[in-house]
Structure formats: C-alpha cells, structure tokens
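**Student:** Handing you a structure now.
The values are calculated or read from the model by the stated rules, or taken from the named source; none is laboratory data. In this text, all values refer to a predicted model and were calculated from it rather than measured experimentally. With ideal geometry, Cβ positions are generated from the backbone for all residues, glycine too; neighbour counts draw on all protein chains shown. Surface areas here come from the heavy atoms of the whole protein model, side chains and all, with no ligands, DNA or RNA. Shrake-Rupley method; radii C 1.70, N 1.55, O 1.52, S 1.80 Å.
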Amino acid sequence: MHDAITPRAVMIMVGVLLLQLAFALSYMGALHNPKPHKIALDIVAPTALASGLVEQINALPSQPLKATAVTTTVQAEKRLMDRSSSAALVVRPAAKADVLMIASAGGPSVAAATEQIVQKIEKAQRREIKVVDIHPPAKGDGNGVSSFYLVLSWTIGGYLAASALNMAAGSKRPTLKRTSVRLAAMVPYAFVSGIGGAIIVGPVLNCLPGAFWDLVGLGVLIVLAGATVGVALQSLAGTVGLGLTILTFTILGNPSSGGIYPSSLLPPFWAAIGQALPPGAGTTAVRNTVYFDGHDTAGAIWVLIAWVLGGVLVAMASALLRDRRRQSSTGPQSA
C-alpha cells in the first residue's frame, strides 16, 4: 500500500485537486456573468446634440459605455478598423432610425452587448436603430473565437512540449548545458507548430483566411512563450513548475484572454490581467492581424517577446546558479 501511494504521490494529487478547483473558479468567475463596462462607443451627431448625448451615455449606471464624439462617419469607420473604438452611433435627426456601426470581427459578444444597450437608449427616445456590421468575421469563423482557440492550441502545445522534453530526459537535473539544449529544441518545434496552426485555420478550415506568414510568425512567438516559461518554471520547481505553468497560461490566461468575452465584459481582475498574459496578448495579436491589418498589435507582440525573453533568462539563470552551487559544494562535475 505504501509503495503504491507515497507521500509524494499524495502531494501531487493535492496539487492536481487545487488546480482543478482553481480552473473551475477562474473560468466561471470570469465568464459566468459578463457585464459591459466602458465599451468604447463613438458618437457621430450634429454639434448641438453630440455633447449632450455623450454626457447622457457616460452617465449611465455602472458605465457600460464610454462615449466619444467624432465629427464624421468616415472618421468613425476608421476608428473602428484601427481598434480605437468598438462601435459607432450615427445620429440622423431627420431620419426615423439612427445607425449603429459595428465590426463584429473584433468580438461578436461586445458588438451584441453594445447593440442591446444602444437599443434601450434609442427606445427611450422613441427612435430605432439600424445595425450595420462593417467588418464581420470570416464565414468559417462564425462565432469569432477561432483566434482564441488557435492561440490556446499554441500555448498549451508550447508548455506541454517543454514538459515532454523534460520527462523524456528522465527529469535529469537541469544543468546549464541541458537547459540550453532544451530551449534550443523549442525553436524548430515552435516553427513547425506555427506553420501547422496557420495551415489548419487557413487552407484547411478557412476560418482565419489570409495573413498566412504573419500567423506563422505569431505562432512561433506564442509557442515559444509557452515553451520557454515551461522550461523555466520546471527548472525552478520541477513537477510543481508544470502546475505553475498551467496556472499561468490555462487557469488565469485563457478566461481573461478576451477570446470568449473581451475585457470590457469581464470582471475587473480578469480584465486587468488578460492582456499581460500570453493567451490574451496572443489572441489580440492574431485577431487584429487577420481582421484589422495589424492595428493595435504592437503592445501584444511586445508582451509575448517579454515572456519569451523572461523564460529564457530565468531558465538559464536558474541552471547556472544550480551548477555553481553544486560545484562549490562538491567540486567541478561534468554536465
């Protein structure tokens, strides 16, 4: 009995249980009750109406919308496409209905939430709205979440590859040499993974068509973020490091990523952390690259680069310090 269930096995089971409970808490806490908060809405209206309408909308309880006056419909369309806003209300006093412009490729859920709020405002004014979707998702990406699932596959693939390499080596102590080899092995894996993902969402399923090589590049970066952090945390904490990687990428990163609900629909904690973690940064970079000509992706790409570099530095530093401690206590040993 003691041979079958060791204290180490019990501790691992406890860790798995905690991850399971954290998974349930994180996903349901983030996604069970989406509420709009400061969704960016542009207002195109005659000067006499614009300022009052902006004040009225920004004074709504709980601030579901953040209205900004712009001068022309063309300007509003441009801001929608460069991701400065999520929707635009074009007020036409001489007509029976106003126009709500959306770009649902940026997230159908936030577009739908904005439409519901604006409909209530218009109904109170005894007016109607006509919804115009100037940039919907591709036909193969009907619910607009293909970017999220692609990034999910890349991040999980990255840290599982790092874990598999560690286990294949018999979990031997992560010396500087072994750590360097493991990190280097992640580069060709990331390249093949990036190409494979881009082929699946492009030519195979046609859910994220276009920008093939841009997607490949993002895929390499996203996979490397998962892989290098996986190597680093397992170098620092062994088996516990895999749990920490899952906590970071899957339990915290996925529900806060904006893939299902954008940050403007998430509770404050998840909205705050989402774009600082690789799943959120990756989802934003992929979605905006495919649908919005790369607008508003620079910050997300720098976040991914920071995670890759951070993973490499932590993994190498951890292995180097371990080697030096071992050499100082037992004398020089071969790698």
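**Student:** Yes or no: residue 92 without any contact (Cβ under 8 Å) to a residue 24 or more places away in the chain, of a type outside the set (Val, Ile, Thr) and touching a strand residue (DSSP E or B) at 6+ places or on another chain (Cβ under 7 Å)?
**Tutor:** Spelling it out, residue 92 is indeed without any contact (Cβ under 8 Å) to a residue 24 or more places away in the chain, of a type outside the set (Val, Ile, Thr) and touching a strand residue (DSSP E or B) at 6+ places or on another chain (Cβ under 7 Å).
**Student:** Considering only residues of the stretch 291-312 that are over 29 Å from residue 185 (Cβ atoms) and not acidic (Asp, Glu), which is surrounded by the most Cβ atoms within 10 Å (Cβ to Cβ)?
**Tutor:** This residue is 291.
**Student:** Here is a list of conditions, (1) on the phi < 0 side of the Ramachandran plot; (2) in a loop (DSSP other than H, G, I, E, B); (3) surrounded by 23 or more Cβ atoms within 10 Å (Cβ to Cβ), and residue 173 meets all of them except one; can you say which number that is?
**Tutor:** (3)
**Student:** Here is a follow-up. Failed condition for residue 328, given (1) among the polar types (S, T, N, Q); (2) in contact with a Gly (Cβ under 7 Å, 6 or more places away or on another chain); (3) more than 29 Å from residue 134 (Cα to Cα), with all others met?
**Tutor:** Going through the list (1) among the polar types (S, T, N, Q); (2) in contact with a Gly (Cβ under 7 Å, 6 or more places away or on another chain); (3) more than 29 Å from residue 134 (Cα to Cα), residue 328 breaks only (2).
**Student:** Among 299, 274, 259, which is closer than 20 Å to residue 155 by Cβ and touching a residue at least 40 places away in the same chain (Cβ under 8 Å)?
**Tutor:** That would be 259, the only listed residue that is closer than 20 Å to residue 155 by Cβ and touching a residue at least 40 places away in the same chain (Cβ under 8 Å).
**Student:** Then there's this: Which of the strands (runs of 3 or more DSSP E) found entirely inside the stretch 34-146 contain at least 1 residues meeting this: among the basic types (Lys, Arg) and either open to solvent by 10 Å² or more (accessible area, probe 1.4 Å) or out of contact with any His (no Cβ under 9 Å at 6 or more places or on another chain) (or both)?
**Tutor:** Qualifying strands (runs of 3 or more DSSP E): 65-70, 128-133.
**Student:** Would you confirm, using the coordinates I've provided, whether residue 150 is within 22 Å of residue 35 (Cβ to Cβ), surrounded by 21 or more Cβ atoms within 10 Å (Cβ to Cβ), modelled with pLDDT of 95 or more and touching a helix residue (DSSP H, G or I) at 6+ places or on another chain (Cβ under 6 Å)?
**Tutor:** Here the answer is no, as residue 150 does not meet what is asked.
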